[in-house]
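Right, one structure below, let's go through it.
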Amino acid sequence: MKQRCRLYLITPPSFELAAFSQALTEALAGGDVACVQLRLKDVSDAEILRIGAALKPIVQNAGAAFILNDRPELAAKLDADGVHVGQEDASYAEARAALGKDRIVGVTCHNSRDLAYAAAEAGADYVAFGAFHPTGTKQPKFWAEPDILEIWQETMETPCVAIGGIIVENGEALARAGADFLAVSAGVWAYPEGPRAAVAAFNGMFDRLASEPSAD
C-alpha cells in the first residue's frame with residue numbers, strides 16, 4: 001500500500017470559542033486528523049493563550065497534535081505539541097530553541113524547493129508548500145504547482161504539507177502528487193454537510209488512494 005495522506009486541520013481565522021469548540025469536537029469525530037493548527041491573527045497574546053488552553057485538550061484527546069501558528073514562545077507557554085512558522089515569522093532556529101528537540105516545528109516554504117531543502121536540512125519536521133488554490137483565508141503571495149510535491153517526494157524524506165484553498169474535490173490531485181498532509185481550513189469548516197462529514201470525506205479519499213495498486 002502507498003503511504004497514506006493525512007489531514008492537517010487549520011482553525012478558521014476568527015471564531016467564537018464555545019461554538020467552535022463544539023465544531024472542532026464534531027470534526028475530530030469524523031475520522032483521522034493528524035494535527036490541528038490554531039491560527040489567529042490580530043489577537044492579543046492573552047487571547048491566544050486563553051483559546052489555546054481551551055482547545056488543546058479537545059485536540060489531544062482525539063489523538064491529534066496541537067500546533068500553534070507563528071508564535072514559538074506562546075507555543076512553549078501552552079505546552080503545545082508544536083509550532084508552524086512562516087518565512088516572515090520566527091526563524092526555524094528560534095522556534096526549535098523555544099520548543100526543544102522533541103516538539104514539532106514546521107516551516108512554510110511557499111513554492112521554493114530551496115527554502116524547503118534549507119528547512120529540512122536544519123531539522124524541520126515538515127515543510128509546507130502552497131498556495132495551490134485560491135483561498136479566502138489569506139491572499140496568497142506565492143502559487144505552487146503539484147509537481148513540487150512530486151519532486152519533493154522523490155528526493156527528500158522530510159514530510160511535505162500542501163496548503164491553500166484545498167477542498168475534498170481538489171485535494172485528490174495533491175495527495176496523488178505526493179503530499180503527506182493536506183492542510184485544510186474552510187474546506188472543513190464550510191463543508192455543506194458539516195465538519196464531521198468533511199473529515200470523513202477526506203479520510204475516505206485518503207483510504208481509497210492508499211489502497212490503489214502501486215504504479216511500480
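Each value in this text was obtained by applying a stated rule to the coordinates, not by laboratory testing. Keep in mind that this is a model prediction, so the values were computed, not measured. When we count neighbours, we look across all protein chains shown, and the Cβ atoms used for this are built from the backbone with ideal geometry, even at glycine.
Listed values, structure above:
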item	result
At most 13 other Cβ within 10 Å, DSSP loop - chymotrypsin sites (Phe, Trp or Tyr not before Pro), the range 108-200	W143
The range 154-192: GluC sites (Glu not before Pro) falling in loop per DSSP and having at most 11 other Cβ within 10 Å	E157
Answer label, with mean projected area of the Cα convex hull in nm² calculated from the coordinates and candidates (1) 14.6; (2) 11.2; (3) 12.3	(2)
Spacing of the two label points (7 Å from each Cα toward its C-beta) at D207 and Q139, in nm	4.2
Subset of K77/K141; K101/K141; K56/K101; K41/K141 violating a 27 Å alpha-carbon distance limit	K77/K141; K101/K141
Candidates per GluC sites (Glu not before Pro) in the range 20-118, loop by DSSP, up to 15 other Cβ within 10 Å	E88
Which of M205, M156 has the fewest Cβ neighbours within 10 Å, and the rest in rising order	M156, M205
Estimated [θ] at 222 nm from DSSP helical runs (n ≥ 4, -39500 (n - 2.57)) normalised by residues in the chain, nearest 500	-13000 deg cm²/dmol
Potential extension, E154-S214 segment - 0.36 nm per residue separation minus Cα distance	20.1 nm
